[in-house]
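Structure record follows, encoded as structure tokens.
The values are calculated or read from the model by the stated rules, or taken from the named source; none is laboratory data. Quick caveat: nothing in here was measured; it's all calculated off a predicted structure. In this analysis, Cβ positions are derived from the backbone assuming ideal geometry, glycine residues included, and neighbour counts consider all displayed protein chains. Keep in mind that these areas ignore ligands, DNA and RNA; they rest on the heavy atoms of the full protein, side chains included. Shrake-Rupley method; radii C 1.70, N 1.55, O 1.52, S 1.80 Å.
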Amino acid sequence: MTAHIIDGKAIAQEVRAEWKVRADALKARGIMPGLAVIIVGEDAASKIYVGNKVKACAELGIHSEHIALSADTHEATLLAKIAELNADPAIHGILVQLPVPKHIDSNKVLEAISPGKDVDGFHPQNVGALVTGSTLFPPCTPYGAMKLLEKTGIEIEGKHAVVVGRSNIVGKPMALMLLHKNATVTICTSRTRDLARHTRDADILVVATGKPQMITGDMIKPGAAVIDVGINRLPSGKLVGDVDFDSAKEVAGWITPVPGGVGPMTITMLVANTVQAAERGAK
Ligand code: GUN
């Protein structure tokens, strides 16, 4: 069997078009949705992600501010910048790209963002609300992965979903979102004993470990839907996911490629959260 490929690029275009209609409706009422993206330091991957976020706003015709601070920026300076943006009526969404340099307390930074502008969904108030099913902002990467499942027509209710990875950005919120859709959810980590025993039982397998190609075809249930959140660069320069695509696609029923799977959806859902924040403010 060869899996159906879930085309994240095409689905992202479709979802962006839906949100463009909503952004245009706001603009017609004189409200321009605005996103502020803050990056601290010189992390090469972060710079690319932030550049792509700003570009996506431009493509959708919404306002964005790209604030680049040097790696030696004091925590107090960053907090003051966030306070300024919290009070700025032209800004509906604020995002601080992670990781921040070690001398800055990331929890303190995330807590400083107004929960109503927290388009990443990382403020403890929104994380708590995600647990109860009422967050203002679903975190963008798992939100994007859920959209891929929805748009592909993959049923979630009653299925066994296995999430490998327990990060705050992906694994934990992903597990909660699947649970809210009535999946039976198992959370594993890359250190789970006999990991394959769990992954082989997954109808829906979501992998976010940051370990290149660690999930191989023999660890996948025939016909399963495999969502690969990883993006890793091999020494050869090739970009690969946390799933070994070539062996996995022979077993899975559906699979996301890397690149071109979850990646384009993350940015799409960030734009969606920003437009939604502007809609809330506009009411
Ligand atoms: N670093 C890696 N992923 C993310 C994300 O989704 N949001 C932010 N702010 N930083 C990240």
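Below, the figures for the structure above:
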{"read-out": "Close pairs (9 angstrom Cβ cut-off, 6 or more residues apart or separate chains): without any contact (Cβ under 8 Å) to a residue 40 or more places away in the chain in region 136-159, among the polar types (S, T, N, Q) and open to solvent by 40 Å² or more (accessible area, probe 1.4 Å) anywhere", "value": "Pro139/Asn168; Glu157/Asn182; Gly158/Asn182; Gly158/Thr184"}
{"read-out": "Residues located in region 267-283, provided they are open to solvent by less than 30 Å² (accessible area, probe 1.4 Å), of a type outside the set (A, V, I, L, M, F, W, C) and out of contact with any strand residue (DSSP E or B) (no Cβ under 7 Å at 6 or more places or on another chain)", "value": "Thr268"}
{"read-out": "Qualifying residue in region 91-103 (condition: away from the ligand (no atom under 13 Å from the Cβ), open to solvent by 50 Å² or more (accessible area, probe 1.4 Å) and assigned to a loop (DSSP other than H, G, I, E, B))", "value": "yes"}
{"read-out": "Total residues in region 1-38, condition among the β-branched types (Val, Ile, Thr) and in contact with a Ser or Thr (Cβ under 6 Å, 6 or more places away or on another chain)", "value": "2"}
{"read-out": "Scope region 219-232; condition without any contact (Cβ under 8 Å) to a residue 60 or more places away in the chain and either closer than 16 Å to Lys159 by Cβ or in a loop (DSSP other than H, G, I, E, B) (or both); matching residues", "value": "Ile220, Lys221, Ala224, Gly230, Ile231"}
{"read-out": "Filter result for the condition that a residue is farther than 28 Å from Glu150 by Cβ and in contact with a Leu (Cβ under 6 Å, 6 or more places away or on another chain), over Ala87, Ala36", "value": "Ala36"}
{"read-out": "Hits in region 233-263 - residues which are surrounded by fewer than 24 Cβ atoms within 10 Å (Cβ to Cβ) and in a strand (DSSP E or B)", "value": "Arg233, Leu239, Val240, Trp254"}
{"read-out": "Tally, over region 175-218, of residues that are under 20 Å from Gly153 (Cα atoms) and in contact with a strand residue (DSSP E or B) (Cβ under 7 Å, 6 or more places away or on another chain)", "value": "12"}
{"read-out": "When residues of region 166-184 are limited to those that are polar (S, T, N, Q) and closer than 17 Å to Pro99 by Cβ, the one surrounded by the most Cβ atoms within 10 Å (Cβ to Cβ)", "value": "Ser167"}
{"read-out": "Lone unmet requirement of (1) surrounded by 21 or more Cβ atoms within 10 Å (Cβ to Cβ); (2) more than 16 Å from the chain's Cα centre (by Cα) for Val207", "value": "(2)"}
{"read-out": "For Gly241: the one exception among (1) away from the ligand (no atom under 16 Å from the Cβ); (2) at pLDDT 95 or above; (3) not hydroxyl-bearing (Ser, Thr, Tyr)", "value": "(1)"}
{"read-out": "Criterion (over 21 Å from the mean Cα position of the chain (by Cα) and either over 17 Å from Val109 (Cα atoms) or free of Cβ contacts under 8 Å to residues at least 24 places away in the same chain (or both)) met by exactly one of Ala23, Ala44, Ala76", "value": "Ala76"}
